[in-house]
1. Count charges around Leu135 for me, please; just the other residues with Cβ under 14 Å from its Cβ, Lys/Arg as +1, Asp/Glu as -1.
2. May I ask for the net charge around Phe45, where only other residues with Cβ less than 13 Å from the Cβ of Phe45 are counted and Lys, Arg are +1 while Asp, Glu are -1?
3. Count charges around Ser78 for me, please; just the other residues with Cβ under 11 Å from its Cβ, Lys/Arg as +1, Asp/Glu as -1.
4. Sketch the reach of a paramagnetic label on Lys31 as a point 7 Å from Cα along Cα-to-Cβ, and name the residues of the stretch 41-82 whose backbone nitrogen lies under 18 Å away.
Amino acid sequence: MGRVLSLGLFVLLFLPCHAYTGDNVIPPDVKCSECGMGVDPSSKFSAWVLDDKGGKLFFCDIGDMLNHYKNDINRIRSAGVRDYTTGQWIDGKKAFYISIKGIKTPMSWGIAAFRDKSNAEKFGSPSPFMEAFRLLK
């Protein structure tokens, strides 16, 4: 009984962290919920959101995720993006966003996400999540 309880606590306490740190956050062969293009699970520009019903939506480009979020803001609970400098998954609502001229992103939005504001500032003027929608052009 003690082992089952311990396993249950492990699942409750540690698996939610996997949403930002695991390598298999995006399943293979998934399509972008915004544009329908295939999502590259290893891309620094892939993203996901979790809606209010627990459904996970995937995006090939951070710009597609921001656009979807902007149009459905009341139904989205959380978001995940990759840090541009490290490639690690981070909380999309805590990230800083930059529009970087010259970088190629899957849908040509040119938007990168950063965990740290200081790293983002090396590329321009960072926007926190709720201001990042202004980067959509």
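1. Values: positive: Lys70, Lys101, Arg134, Lys137; negative: Asp61, Asp64, Glu131.
My count for the surroundings of Leu135 gives +1.
2. Numbers: positive: Lys44, Arg82, Lys104; negative: Glu34, Asp40, Asp61, Asp64, Asp83.
Net local charge, Phe45 excluded: -2.
3. Working: positive: Lys56, Arg77, Lys93, Lys94; negative: Asp51, Asp52, Asp91.
Cβ neighbours under 11 Å give a net charge of +1.
4. Only 41, 47-49, 56-61, 64-65, 68 pass the distance filter.
Every read-out reported here was derived from the displayed coordinates using simple, explicitly stated rules and does not represent laboratory data. Keep in mind the model is a prediction, meaning the values are calculated, not measured. Please note: Cβ atoms are built from the backbone with ideal geometry, for glycine as well, and neighbour counts cover all protein chains shown.
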